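The values are calculated or read from the model by the stated rules, or taken from the named source; none is laboratory data. Source: prediction; values computed, not measured. Positions of Cβ are generated from backbone atoms using ideal geometry, with glycine treated the same way; all protein chains shown enter the neighbour counts. Please note that ligands, DNA and RNA were not included when accessible areas were found on the heavy atoms of the full protein model with its side chains. Shrake-Rupley method; radii C 1.70, N 1.55, O 1.52, S 1.80 Å.
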Amino acid sequence: RRTITRLPEWLKTPIPAGNQNYKKIKSDLRGLGLHTVCEEARCPNISDCWGGDNKNAATATIMLMGDTCTRGCRFCSVKTNRAPPPLDPHEPEHTAEALARWGLGYVVLTSVDRDDLADGGARHFAETIRKIKAKKPSLLVEALTGDFLGDLDMVRVVAESGLDVYAHNVETVEGLTPYVRDRRATFRQSLKVLEHVKQVRGAEGIVTKTSIMLGLGEQEQELMDTLRELRKAGVDVVTFGQYMRPTKRHLQVEKYVTPDEFKMWRQRALDMGFLYVASGPLVRQQLQGRRGLHRERAA
Ligand code: SF4
């Protein structure tokens, strides 16, 4: 198989300088023992996202439930263990406290998969969201969850906790799913998760969102079929980003998708009826090797 080693020009970005909001967030995080995807992943967009030219647009992605996952997807560099440390019972309160202090307008809560917990961590997610909304109702909250092994009651627990956007990533097309994601994750199971959120909260009651990595070897027709399935499940928002190999032990990049191709996929998805589409080489997928960071506003 061919190995691509050179990074195309469009994927090279300068490291941005810090600003006041960024520095405050960084020092509070240390004090409260919280983790963000942004830092763990050394995302180059960090100062831009946390600082924001306009404070209301500033965004951070908080990782709940530790840094060790019970699954092992082949694109993701997060630590894996069947028995990660127990949850920190103070995490929901600490997270809400920190977020209420910062000048953020939008927060993404994500987590590793915790198949070791009876509820997959759904109640921990829900408690965190309720506490954030109690302290700062104006803060928009997106939760990016796993599939809870297909337990739709757990999807309901999160969906009813008061969040604004429910995200769950299908990551790739159906045919590549067994090679890309952990074997416990299936494309159909993920569709059911997204569909159930709409059943619980109503078509207009909540926004659902999913992300797809491009460059893993997906074919055009497969991607069209995936988008159709997602629309059928009522998904409102889709994002496309370039798959980047975290280490040599992970799946190799099959293709660097060009900015024009990303534009084409954006248009195709909009034509199919998605409400919002972010598509570009630097659009981050939160769980992509824990490097991801939401950057739709810049896309
Ligand atoms: Fe775990 Fe998610 Fe990474 Fe898969 S993508 S290994 S479920 S953190």
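Tell me the per residue accessible area of the range 106-151 using a 1.4 Å probe; a whole number in Å² is fine.
Each residue of the range 106-151 exposes 34 Å² on average to a 1.4 Å probe.
Whole-Hz ³J(HN,Hα) for each residue in the range 76-85, computed from phi via Karplus 6.51 cos²θ - 1.76 cosθ + 1.60 with θ = phi - 60°, x for glycine and proline: what do you get?
10, 9, 5, 5, 10, 7, 6, 10, x, x
Tally Lys and Arg at +1 and Asp and Glu at -1 over the other residues with C-beta under 11 Å from the C-beta of residue 151: what net charge comes out? Mind showing how you got there, number by number?
Working: positive: 156, 192; negative: 115, 119, 147, 153.
Surrounding charge for residue 151 is -2.
How much length would be gained if the chain were fully extended between residue 272 and residue 232, taking 0.36 nm per residue of separation minus their Cα-Cα distance, in nm to one decimal?
Values: separation 40, 0.36 × 40 = 14.40 nm, distance 1.04 nm.
Residue separation times 0.36 nm, minus the Cα-Cα distance, leaves 13.4 nm.
Once phi is turned into θ = phi - 60°, what whole-Hz ³J(HN,Hα) does the Karplus curve with 6.51, -1.76 and 1.60 give for every residue of the range 200-210, x standing for Gly and Pro?
Working through the residues one at a time gives 6, 9, x, 4, 9, x, 7, 9, 10, 8, 9 Hz.
Expressed in nm to one decimal, what extension gain is obtained for the pair residue 225 and residue 184 from 0.36 nm per residue of sequence separation less their Cα-Cα distance?
Values: separation 41, 0.36 × 41 = 14.76 nm, distance 2.21 nm.
Difference between extended and current length: 12.6 nm.
Calculate I(q)/I(0) for the range 83-150 by the Debye formula, one identical point scatterer on each C-alpha and no solvent, and give its log10 at q = 0.24 Å⁻¹ to two decimals.
-1.07
Round to the nearest 10 and report in Å² the accessible area of residue 74, as given by a 1.4 Å probe over the protein chains' heavy atoms.
Result for residue 74: roughly 120 Å² accessible.
Quote the charge dipole size of the range 162-252 about the Cα centre in Debye, to the nearest 20; the model charges only the Cβ of Lys and Arg (+1) and of Asp and Glu (-1).
Working: 14 positive and 12 negative charges, 80 e Å.
The dipole of the range 162-252 has a size of about 380 debye.
When the Karplus curve 6.51 cos²θ - 1.76 cosθ + 1.60 is applied with θ = phi - 60°, which whole-Hz ³J(HN,Hα) does each residue of the range 120-132 get, with x for Gly and Pro?
Using θ = phi - 60°, the values come out as x, x, 4, 5, 5, 4, 4, 5, 4, 5, 4, 5, 4 Hz.
Could you report the accessible area of residue 164 in Å², rounded to 10, computed with a 1.4 Å probe on the protein chains as they sit in the structure?
The value for residue 164 is about 50 Å².
Return the long-range amide H neighbours of residue 144 (sequence gap of 5 or more, or a different chain), with a cut-off of under 5 Å between placed amide H atoms.
Close amide H contacts, sequence-distant or interchain: 109, 110, 167.
Label residue 7 and residue 30 with points 7 Å out from Cα along Cα→Cβ: what is the distance between them in nm?
Rounded to a tenth, the inter-label distance reads 2.7 nm.
Using only the C-alpha atoms of the range 111-231, find the volume of their convex hull and express it per residue in Å³. Intermediate values should be presented prior to the final figure.
Details: hull volume 12.5 nm³, N = 121.
Per residue, the Cα convex hull of the range 111-231 comes to 103 Å³.
Considering only the other residues whose Cβ falls under 9 Å of the Cβ of residue 122, what net charge follows from Lys and Arg at +1 and Asp and Glu at -1?
Taking every other residue near residue 122 into account, the sum is -1.
List the aspartates and glutamates whose Cα lies under 16 Å from the Cα of residue 198, skipping any in the same chain that are fewer than 8 positions away.
Qualifying aspartates and glutamates at Cα under 16 Å: 142, 147, 151, 153, 160, 164, 229, 236.
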